[in-house]
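Notes for the one structure printed next.
The values are calculated or read from the model by the stated rules, or taken from the named source; none is laboratory data. Source: prediction; values computed, not measured. Note: ideal-geometry Cβ built from the backbone for every residue, glycine included; neighbour counts use all protein chains shown. Each accessible area value is taken on the protein alone, full model and side chains, heavy atoms only, with ligands, DNA and RNA left out. Shrake-Rupley method; radii C 1.70, N 1.55, O 1.52, S 1.80 Å.
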Amino acid sequence: MTPNIFSEVDDASDQWSWSEKLGYDRAQELLDYHFSQFLNLKEDMAWLAQHNFTAVRIPVGYWMFLSREELQDMGVPYTAEGVEYLDAAFSQAETQNLDVVVCMHGAPGSQNGMQESGHEQDQAQWTEGDNMEKTL
């Protein structure tokens, strides 16, 4: 994770706690800025192709595909961001003849309970309730 977008919240260990402490609007603003500044898809995909890579792996969280209202109904603090960046990544990868592997890095309930799943907690809750169904 890039620490500069976490600087407003000292004790956030994952995107869940960070979004929860900042509130939806501020978290959305910071993530939009981060994505617009951190990613240079045209140059990044060109570099990969020039160095003989054939694919790029893009980790995503389930919240990326839901609306603000859907996330609020589920009681999760995530922001509904990123689909436009994922679409742009697919477009740029196609121009460089790169395949894209989308990795469900954050599933509902957290598939491993660690920060990289978006929600650090004592144990994964992916198999509880309807979390597996939500993932599909």
Test for residue 98: is it surrounded by 15 or more Cβ atoms within 10 Å (Cβ to Cβ), in contact with a helix residue (DSSP H, G or I) (Cβ under 7 Å, 6 or more places away or on another chain) and without any contact (Cβ under 8 Å) to a residue 12 or more places away in the chain: no
Hey, residue 46 in a helix (DSSP H, G or I), in contact with a strand residue (DSSP E or B) (Cβ under 7 Å, 6 or more places away or on another chain) and small (Gly, Ala, Ser) or not: no
The listed residue being surrounded by 14 or more Cβ atoms within 10 Å (Cβ to Cβ) and either more than 28 Å from residue 96 (Cβ to Cβ) or touching a helix residue (DSSP H, G or I) at 6+ places or on another chain (Cβ under 6 Å) (or both), out of 48, 39, 30: 30
Checking residue 81 against (1) among the charged types (D, E, K, R); (2) open to solvent by less than 30 Å² (accessible area, probe 1.4 Å); (3) farther than 24 Å from residue 136 by Cβ, the condition it does not meet: (3)
Count of region 43-79 residues which are over 30 Å from residue 22 (Cβ atoms) and not β-branched (Val, Ile, Thr): 10
